[in-house]
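Following: one structure in structure tokens, then a few remarks.
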Amino acid sequence: MSDLDVREQLLQGTAPGEGLAIELVGDGDLVTADMSLSIGPAHPATHGVFRVVFEMDGERILRAKPVIGYMHRGFEKLAEYRDYRQIMALVNRHDWLSGFSNELGVALAVEQMLEMEVPERAQWIRMLMAEWNRILNHLMFIGSFALELGAITPMFYAFREREDIQHLMESATGGRLHFTYNQVGGVKIDLPRGFLAESARVSKLTRSRMPDYDDLVLGNEIFRGRTVDIGPLPTDVALSLGVTGPALHATGLAEDSRVTEPYLKYGDIDVEVPVGRNGDAYDRFAVLLGRIRVSLDIIDQIHDHMTSGPVNQKLPKMVKAPEGATYVRTENPLGQLGYWLESDGGRTPWRLKMRTPSFSNVQAIPYLVQGQLLPDAISILGSVFFVVGDIDR
Amino acid sequence: MSVLARRDRALTPEETEALLRDRLGDGIIGSTLAHRMFTVHVAPSAWVDTFTRCRDEPLLDFDLFDTLHGVDAREDGFDVVAILYSTSTGNRLCLRTRCEGGRDTPVCPSLNDVYRGANWMERETWDMFGIEFPGHPALEPRILTVENFEGWPLRKDFHLASRVAKPWPGVKEPAELDEDGNVIERVPGIGDAPGPYVLDEAMAAQAIALRQVSAAIDAAAGNEAAVASAEPTVSDATMPEASAPASGTAASTDPAAAADAARTADEQRRAQAEARARKAAERAADETPEEQA
Amino acid sequence: MTTVIAPVATLLPVFAPAESLLDTGGTVVSLLLKIAFITVMFLVVPLVGGYLEHKGMARLQNRRGPVEAGPAGSLQLVADGIKFIQKEDIIPGAADRKVFAMAPAIGLVATLLSFAVIPLAPGLFALDLELGLFYVLAISSVGVLGIMMAGWASANKFSLIGGLRAAAQLIAYELPLILVAVAVALQAGTLSLVGIVEAQQSSELFGTGISMWYVFPQALGFGIFFLAALAELSRPPFDMPIGDSELVFGYITEYSGIKFAMFLLTEYAGMILMSGLTVVLFLGGWQPLPGLDLPDGALGVLLGAGVTLGKIMLLVFVMIWVRVAYPRLREDQLQRISWTVLVPLSLVNLAVVAVGKVVAG
Amino acid sequence: MGLMDQVELPKPVKYVFNWGRKYSLWCFNFGLACCAIEFIAASTSRHDFIRHGVIPFAHGPRQADLLVVSGTLTDKMAPAVKRLYDEMPEPKYVISFGSCSNCGGPYWDSYSVTKGVDQIIPVDVYVPGCPPRPEALLDGIMKLQDRIQGESLKDRIAAVRRDPANIGAEAGMALDAQSLHTAAPAELGSGG
């Protein structure tokens, strides 16, 4: 059986029992059995409760089977029991590294159904917060990816920046991770006085510290040795799997809904999309670093564009979406986050489907790790950026 | 950099539908364009063909498989909705079909051979709605919920056990209050969340079903002793007693009966959880000790 | 051991073994003194190294490190030790009990024995073996046996992979380590560690009268030795045997309580040992600067011990620095570096030293 | 452990032993969800709980003294947590970090969420918040340390033997009234 066939089979059947039966290899006295190694659900490499079962020959991985669902909290069901105000506080928790972007999608979906006009200032504020949130998310992955490759220090550097940014966002929203700052029709309250100046200062500070990561991680010889040409992902496979975000950009395709389907005011400013070469682990990481720089650029542009005015709409006592369905897709830090909102005209959604980026991205893991060595698989697991809550919801 | 290379040649919704109708004929039932989303309704028989066309027609070129999920369609059964996106034209298309088999045995053909991303999406839809996808390599085991989970959580007739067993004590219950904050009195049907104050018939039925389920599990586990001891071993301090409904609110129901039902459901839920944990422990014991390090 | 060494030793050109200060007094007294010396080297100095690691890492990462346990957190490792002796000692049901229990002791004893021949100052050493270098290298490789035993006996797949990686690493890195040590022995004309330090004191740069340590003519060898020592100790970036993001904790995964503490102590003691060896072979031992001799008497001994320990801590700090700055290598990359780069280079180093020795007379 | 679970140690020895346990809390972070991020934040530069001797270097349960369960515990995950706890050597301590692991948190009515980690393993200190701020974790750790300094290992192990499920309350009986309240909310977390 060729490698390709095995891969094909893998993609078809990732169920357990499928292709994971232990086979005996060799003959005579040298018959050996392949070893199955279960990584997770609480393994240091899986940053969360994600489990992969590797079937290995020595240190080479023959097959991999991800097992998910350890963080399944039933968001979609719970959303059917909560009104649109309460959903805001619920949805920002599924991808816990990008709380603001998660709320944003729901707010946009409800507004789209109500055909509500959001004040301009609110839109700029939303963009500003979304970009800061994006940087927060990416910094975390810079740290954790390096940690998985055995470098401990980038994590501490990343959290140095994260604390500054979290402090900034906390001054406006009151939250460190989960902001609940969006509401249907705008944002909860206006920015505090002096926020933009502080934001500009933090932006400058963060930008001045970006070379640290270039030196410490990206330019590191061992890091390059561990990531270049490890786990390349072709564009067409990525699209067929529904892979989006940095993992898709790394394959060379600049599909970013901030550019291709501009929401909020992204159409009014320049958004670059850093792309990679062949979608290997190194590219994925480089794209992530590039996206931080792009976000900083966007933040600087937002500072120039910020207008004054109201930040939210007066809402009725109970928000009710009209009957029908809509789909809103935003560029979350990890990829395209889609909310399918179907309403029967009641106070709660009839169905709120979250199309989360991590769920699709993780599907690529069996394809990527097959035939790799165990350390490379760790490198791949770290470079297909995912948040377990975002997979399982 | 092929992104939006052909946005100027992107088909309008009308043209898309016309093209699909031309290729698939009666398989296309109709279309709606609402809330800035273009939906094409497809017959289940033409479901797979439609996706193949959408992928392969050069004019359509839908290469990104965005999402696939189920929607409860009340008495008519279940819908399956899939969304495609074209990175070259920037078009998005929503395709929707109604499963055959009604609420009892919903069936929808699998897209696994057309888009790889459909594999897990269909597994999830099966897990959440119980929709079968013939042609899918392996829907089992359940992808998100725990392996021996009973029921299909996203169906509207699946009520949340916590809501059944422990009525929400506050006065703010969004699903059940009208605009002035008064309790809505109505006969519960599919899609209605169980109310906080009235343990209605649906819940009583569910409590009975839960009892049967847990009895079946216990019988399967063959461990009656554990069932008997289940009650005392669960630390009572950590689990507040099944609360009686808030006094003075449930005018329409006998409070004692309601409390009884609540307690029964609570016990059953505990027993079920115990049995589940026991099974999981047995499973874990079968594996070699290092596997979950 | 002596039965093996003695006949071999007679064949070699022999320096008269230096007299140890600890040999004063009766046999029992000197024996106790020696035991005390080795124990201090093994139990106290590694704690200082461990504290340095805590604090050094913290400082390099914008942190403060332990501050609560003892003054400035200096008793952190003591607290760890006290805690470990109270912990339940778990032996997994599937483990090979005897081997599992023996494994930590083997590494520990090997490192402990090695300290016998490391000289701290003129006369401050437990033993001056004529074959000191040979003895240290031979015995320190035994430690890997303990790792392999731990990996096997734990009956854990992560442990097993860790143990196998450690074994592969040993084979790959022992060769360059020994080849470089041979070059030093060649230049010094002795295998005695004390003799090597003394030879460095009197060595001159190509007869120009400028004093030097072996690190100058053998800079290449120094680098190789230090790298190989890192690999032998399984220190980052060569910590594949315990690579936490892959193998949880490698061969130590199943160890708890006092046995785990033994592994930990062995690791820190190994760092001190290898640093000490590097100091002796390349950095002039107790000599403060090339060409600068210590005063005679007790002051000299104290100063010499301080200088040696200072140099050791400097090298330990470099190890910590490397740990902070670099990700982990992959096992096959490590093997490739060893066999295609380090082994040839150490042969070149050996050849250059040999030619230099002949030319310089 | 040896004899320590059978004899009451003399006071100075007990003091030193408790001091050792207090400042050497090797910590296994069972990072389940959002709270795990705040746990990491607590271990990095600004908050740095390594100052207090909480060493997050325990990669596996065997080396750990302190289990911090941070995040939502689901029914699917519960057996793994229980097993991990069982793999830890005595004496061991558990901090439940965040509303989800305290009681189910925002997912109190979900069909797949366990209503608190104390349903399956005993908990020493609860830190409330969703997620709690890193400062709240530091406070919880210090409360645990106070408790360790005052406790008797013999009584604790006896309590474990008697009733593994209820160790928190039992062990508290040997303590002064002050530290009993560690089971109460340690500090109000961020409402975020």
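Condition check ((1) under 30 Å from A:His305 (Cα atoms); (2) open to solvent by less than 10 Å² (accessible area, probe 1.4 Å); (3) at pLDDT 85 or above) across all residues:
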residue	(1), (2), (3)
A:Leu78	no, yes, yes
A:Arg121	yes, no, yes
A:Met127	yes, yes, yes
A:Ile135	yes, yes, yes
A:Met169	yes, yes, yes
A:Tyr181	yes, yes, yes
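Within the stretch D:5-44, if we keep just the residues that are of a type in the set (Ser, Thr, Tyr) and either surrounded by 18 or more Cβ atoms within 10 Å (Cβ to Cβ) or in contact with a Ser or Thr (Cβ under 6 Å, 6 or more places away or on another chain) (or both), the residue that is farthest from C:Glu88 (Cα to Cα) turns out to be D:Thr44. Just wondering, is there one or more residues in the stretch A:105-120 that are touching a helix residue (DSSP H, G or I) at 6+ places or on another chain (Cβ under 6 Å) and within 10 Å of chain D (Cβ to nearest Cβ)? Within the stretch A:105-120, none of the residues are touching a helix residue (DSSP H, G or I) at 6+ places or on another chain (Cβ under 6 Å) and within 10 Å of chain D (Cβ to nearest Cβ). Regarding the stretch D:77-93, can at least one residue be identified that is under 30 Å from B:Ile143 (Cα atoms), charged (D, E, K, R) and in contact (Cβ under 8 Å) with a residue 24 or more places away in the chain? Looking through the stretch D:77-93, at least one residue is under 30 Å from B:Ile143 (Cα atoms), charged (D, E, K, R) and in contact (Cβ under 8 Å) with a residue 24 or more places away in the chain.
Is one or more of the residues making up the stretch B:71-86 assigned to a loop (DSSP other than H, G, I, E, B), touching a Lys or Arg at 6+ places or on another chain (Cβ under 7 Å), over 16 Å from A:Ser360 (Cα atoms) and touching a residue at least 12 places away in the same chain (Cβ under 8 Å)? Yes, some residue in the stretch B:71-86 is assigned to a loop (DSSP other than H, G, I, E, B), touching a Lys or Arg at 6+ places or on another chain (Cβ under 7 Å), over 16 Å from A:Ser360 (Cα atoms) and touching a residue at least 12 places away in the same chain (Cβ under 8 Å).
In the stretch C:153-167, the condition of being modelled with pLDDT under 85, open to solvent by 10 Å² or more (accessible area, probe 1.4 Å) and outside any helix (DSSP H, G or I) is met by at least one residue.
Filtered by the rule that a residue be away from chain D (no Cβ under 14 Å) and modelled with pLDDT of 70 or more, the stretch A:34-52 gives A:Ser36, A:Leu37, A:Val52.
Residues of the stretch D:29-47 that are of a type outside the set (Lys, Arg) and within 11 Å of chain C (Cβ to nearest Cβ): D:Ser43, D:Thr44, D:Ser45, D:His47.
For C:Trp321, the conditions (1) away from chain A (no Cβ under 14 Å); (2) assigned to a helix (DSSP H, G or I); (3) open to solvent by 20 Å² or more (accessible area, probe 1.4 Å) all hold with the exception of (1). Comparison of C:Gly310, C:Gly276, C:Gly257 shows that the only residue that is over 22 Å from D:Pro56 (Cα atoms), more than 14 Å from chain A (Cβ to nearest Cβ), out of contact with any Gly (no Cβ under 8 Å at 6 or more places or on another chain) and surrounded by 17 or more Cβ atoms within 10 Å (Cβ to Cβ) is C:Gly276.
Just to verify a result, which residue in the stretch D:72-94, among those that are in contact with a Ser or Thr (Cβ under 6 Å, 6 or more places away or on another chain) and either open to solvent by 10 Å² or more (accessible area, probe 1.4 Å) or more than 24 Å from C:Ile258 (Cα to Cα) (or both), is farthest from the other protein chains (Cβ to nearest Cβ)? This residue is D:Leu73. Considering only residues in the stretch A:253-269 that are in a loop (DSSP other than H, G, I, E, B) and closer than 18 Å to A:Pro357 by Cβ, the one that is most open to solvent (accessible area, probe 1.4 Å) turns out to be A:Glu261.
Scanning the stretch B:10-27 finds no residues that are within 10 Å of chain A (Cβ to nearest Cβ) and either of a type in the set (Ser, Thr, Tyr) or on the phi < 0 side of the Ramachandran plot (or both).
For the stretch C:89-114, the set of residues classified as crowded, with 18+ Cβ neighbours inside 10 Å and within 7 Å of another protein chain (Cβ to nearest Cβ) consists of C:Ile90, C:Pro92, listed by residue number. Screening B:His35 against (1) surrounded by 19 or more Cβ atoms within 10 Å (Cβ to Cβ); (2) touching a residue at least 12 places away in the same chain (Cβ under 8 Å) leaves a single unmet condition, (2). Do the conditions hold for C:Phe42, that is, is it closer than 26 Å to D:Asn18 by Cα and more than 14 Å from chain D (Cβ to nearest Cβ)? When the stated conditions are applied, C:Phe42 passes them. Determine whether C:Leu294 is farther than 15 Å from C:Arg235 by Cβ, more than 22 Å from the chain's Cα centre (by Cα) and open to solvent by 10 Å² or more (accessible area, probe 1.4 Å). Against the criterion (farther than 15 Å from C:Arg235 by Cβ, more than 22 Å from the chain's Cα centre (by Cα) and open to solvent by 10 Å² or more (accessible area, probe 1.4 Å)), C:Leu294 qualifies. In the set (1) closer than 26 Å to C:Arg59 by Cβ; (2) out of contact with any Ser or Thr (no Cβ under 6 Å at 6 or more places or on another chain); (3) touching a residue at least 40 places away in the same chain (Cβ under 8 Å), the condition left unmet by C:Val324 is number (2).
Determine, yes or no, whether C:Val136 is surrounded by fewer than 21 Cβ atoms within 10 Å (Cβ to Cβ) and in a helix (DSSP H, G or I). For C:Val136, the condition - surrounded by fewer than 21 Cβ atoms within 10 Å (Cβ to Cβ) and in a helix (DSSP H, G or I) - is not met.
Restricting B:Asp49, B:Asp104 to residues that are open to solvent by 10 Å² or more (accessible area, probe 1.4 Å) and under 29 Å from A:Glu255 (Cα atoms) narrows the list to B:Asp49.
The values are calculated or read from the model by the stated rules, or taken from the named source; none is laboratory data. The structure presented is a predicted model; accordingly, all values stated were derived computationally and were not measured. Here the Cβ is made from the backbone with ideal geometry for all residues, glycine too, and neighbour counts use every protein chain on show. Accessible surface areas use protein heavy atoms only, side chains included; no ligands, DNA or RNA. Shrake-Rupley method; radii C 1.70, N 1.55, O 1.52, S 1.80 Å.
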